[in-house]
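The values are calculated or read from the model by the stated rules, or taken from the named source; none is laboratory data. What you see is a predicted model, and the numbers here were worked out from it, not measured in a lab. So basically every Cβ, Gly included, is an ideal-geometry build from the backbone, and we count neighbours across all protein chains shown. These accessible areas exclude ligands, DNA and RNA; they are computed on the full protein's heavy atoms, side chains included. Shrake-Rupley method; radii C 1.70, N 1.55, O 1.52, S 1.80 Å.
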Amino acid sequence: MTTYCVMVASLMVVLSFMSLGSAKVYTVGDSAGWALSVDYNTWASDKTFNVGDSLVFNYDSSHTVDLVSSSDYSTCAIGNSIASYNSGTTNIALNTTGSHYFVCGVMGHCVGGMKLTVNVTSDGSPSASPSPVTADSPTNTPFGTTLPPPTLAGTNNNPAESSSPTVSPFVAVVFSLVALILVSILG
């Protein structure tokens, strides 16, 4: 009986540190990054973006990453972005379903192809309806509170919270405590 309890306890501890989800980190444009002459429609066409995934935009100082509304995306209107980033590396957590629109805010770059639509689903199936996109502050975007506010060049634009698929430390502690209790009671 003691061997069984130790095995169950060990299994619970191992499971507590395993990844439960399959969240992915996508580097926009792969090795080409966020730049002119990349076909972002083709890049995104074979990918399924799910809640919990994140986008990493890598770009030089001649570009920005702007979160925009659907209409601004369609017309390549710049200057009315919901949020704008210019640090050279921008991580954006995809925390809600729907269509999310990104453009380069430099004049002529969006028209030149630097625009990306990401359709986020909750389980790999197409989303029923896109979440609303408003022109309010970044904290009111469809990405929730983990979308960092715009920062000045040279500062860190990492999300405030990780979209890591691993089990939270709290869950790991709970599993460990249950395992210890089982071992003391049954062992």
Pairs where the first residue, in segment 108-121, is within 12 Å of C76 (Cα to Cα) and in contact (Cβ under 8 Å) with a residue 24 or more places away in the chain and the second is open to solvent by 10 Å² or more (accessible area, probe 1.4 Å) and assigned to a strand (DSSP E or B), C-beta under 8 Å, 6+ apart: K115/Y101; L116/Y101
Filtered residues of segment 114-132 (kept if outside any strand (DSSP E or B) and at pLDDT 95 or above): M114
